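Comments concern the structure below.
The values are calculated or read from the model by the stated rules, or taken from the named source; none is laboratory data. Computed from a predicted model, the values in this text were never measured in an experiment. Neighbour counts are summed over all protein chains in view; Cβ atoms, including those assigned to glycine, are modelled from backbone coordinates with ideal geometry. Please note that ligands, DNA and RNA were not included when accessible areas were found on the heavy atoms of the full protein model with its side chains. Shrake-Rupley method; radii C 1.70, N 1.55, O 1.52, S 1.80 Å.
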Amino acid sequence: MSAATALLACTGLLCGCEEGSEQKTDVASPAEQAKNSQAKADPAKTDAIKIGVIATMTGPLASLGEEAMRGVDLAFDELGGAIPGKKIVLVKESSDATPNVARDAARKLLEQEKVDFIVGPLSGDEGLAVRDLAKSHPERVFINGSAAAQDITLRDQAPNFYRFSPDGAQWMTGVGSYAFKEKGYKRVATLAEDYSYPYTLVGGFMAEFCHVGGRVPKKLWVPLGTKDYSSVISSLPKDIDAIYVALGGADALTFLKQYKQFGGKAPLIGGSSTVDQMVLDSKGDVADHLVGTISGVPIADDNPSETWQAFVKAYRAKFPDGYKFPSGTLYSYYTNMKAALLALKQVNGDLSNGQQKLKDALSKIELDSPNGKVKLDKNRNAISNTYLTVVEKKEDGTLFKRLLQVIPEVNQTMKLPEDEFLKLGSFNRDNPSCP
């Protein structure tokens, strides 16, 4: 059996951002903050635990950064800001979706703010940069935000980097098979931003789609922040059944607007970021072209589970000016921050001996998240449910992701044995290929 064949057999589906200004959320009182400031030079002696948080608050993904911080705040509200004898202080730092700025933000948190550990960053290339920085700070814990590039944890791992949210390929499990078998899409072009996270999304989709007989005659890559898609749209092949689009934030909205203006008719298959709530909630009718779009996502808006419904209720109560449903970015930051706080409580805030007790606790946690149980594999990457969804429109005009199928306990190798999956190679601009 080939690697691709094994991949599909195992899924079970073949058979059936400029560095921004610093923000601080201080849980401690002003007097305690002054004491903590004096103890900066020796954080082990302070009665506060400082958690640095990095999110993309400027640049083309800035709207996602706001949701990231909301996710952090939701987890903090749920689990509280203290453990016996210690306060927990959040120190928030901005990036701009570029690896250099994310790395500088992490260094500032570690070296100037003297944080004990870091949660973040948001975007794929940022995640690779922070993972590499983690290797030079083995005494500190690094926990992901929402960065979903596959190789952050699958290849060249940092033993002190933990990710409780899946990568983009995990979310795509089942989408390629469904597109080919149920939707009848045989030839699909892809359009995605030119960096590691979209490579992961496109690779995860194509790994299945190509095997079942689908063809991808053209792959188009654009920089983050692209403003003019006219040449991209005009270069799309005419004989395609659909377009797989992996654009996020403002990029997705810009493309959808221009695709509509050009009279584009081909149906879309969505990367997770393209059907994210900030896109679906956009003003006007730009996002209406997404109605009928299938995708794989970490959360389904109409998931009937009590845990998910309670999470939606808590989100709306705390952020009445937020989106109709929590975004995937918010879910990821919430889940990673919740894991951090739970682990801290389990070890009673003991960060001695290179934070070894915290590292051990994080490795063993089985987390109750809004989308079900989450646990880590040997590479410290999430194993969790993913959701096959389709965008639909309610009578009041709200766009939402309707649940088609729950795919339980998807691991980073999409349920294929790791040695077989690794033979597929790292997903990039050229791999996979099935023209």
Query raised in the report: Where residues in segment 237-253 are at pLDDT 95 or above and not aliphatic (A, V, I, L, M), which of them is surrounded by the fewest Cβ atoms within 10 Å (Cβ to Cβ)?
Result: Asp239
Requested in this report: Inspect all residues belonging to segment 130-143 and state whether any of them is touching a Lys or Arg at 6+ places or on another chain (Cβ under 6 Å) and either at pLDDT below 95 or open to solvent by 20 Å² or more (accessible area, probe 1.4 Å) (or both).
Outcome: no
Report summary line: Taking segment 165-189 and keeping residues in contact with an Asp or Glu (Cβ under 6 Å, 6 or more places away or on another chain), of a type in the set (Ser, Thr, Tyr) and open to solvent by less than 10 Å² (accessible area, probe 1.4 Å) leaves Ser177
Query raised in the report: Across segment 419-435, which residue is surrounded by the fewest Cβ atoms within 10 Å (Cβ to Cβ) among those that are among the small types (Gly, Ala, Ser) and closer than 16 Å to Asp151 by Cα?
Result: Gly425
Query raised in the report: Taking helices (runs of 4 or more DSSP H) that fall entirely within segment 153-266, which contain at least 1 residues that are under 14 Å from Phe427 (Cβ atoms) and hydrophobic (A, V, I, L, M, F, W, C)?
Result: 168-171, 196-211
Report summary line: Within segment 316-336, the count of residues that are hydrophobic (A, V, I, L, M, F, W, C), farther than 13 Å from Leu122 by Cα and either open to solvent by less than 20 Å² (accessible area, probe 1.4 Å) or part of a loop (DSSP other than H, G, I, E, B) (or both) comes to 2
**Report entry** Any chance Tyr162 is open to solvent by 10 Å² or more (accessible area, probe 1.4 Å), within 15 Å of the chain's Cα centre (by Cα) and among the aromatic types (Phe, Trp, Tyr)
**Finding:** no
Report task. From the list Leu351, Leu399, Leu416, Leu367, pick out the single residue that is closer than 21 Å to Phe164 by Cα, touching a strand residue (DSSP E or B) at 6+ places or on another chain (Cβ under 8 Å), aliphatic (A, V, I, L, M) and surrounded by 20 or more Cβ atoms within 10 Å (Cβ to Cβ). Result -> Leu351
**Report entry** Number of positions in segment 212-236 that are touching an Asp or Glu at 6+ places or on another chain (Cβ under 6 Å) and at pLDDT below 95
**Finding:** 1
Report task. Would you point out the residue of segment 46-102, among those that are open to solvent by 20 Å² or more (accessible area, probe 1.4 Å) and assigned to a strand (DSSP E or B), that is modelled with the highest pLDDT? Result -> Lys50
Report summary line: For segment 375-403 the number of residues that are closer than 17 Å to Gln150 by Cα and of a type in the set (A, V, I, L, M) is 3
Query raised in the report: Among the numbered criteria (1) modelled with pLDDT of 85 or more; (2) surrounded by 19 or more Cβ atoms within 10 Å (Cβ to Cβ); (3) small (Gly, Ala, Ser); (4) over 15 Å from Thr329 (Cα atoms), which single criterion is violated by Gly20?
Result: (1)
Requested in this report: Quickly run through segment 283-306 and pick out the residues that are open to solvent by 10 Å² or more (accessible area, probe 1.4 Å) and more than 20 Å from the chain's Cα centre (by Cα).
Outcome: Lys283, Gly284, Asp285, Val286, Asp288, His289, Val291, Gly292, Pro304, Ser305, Glu306
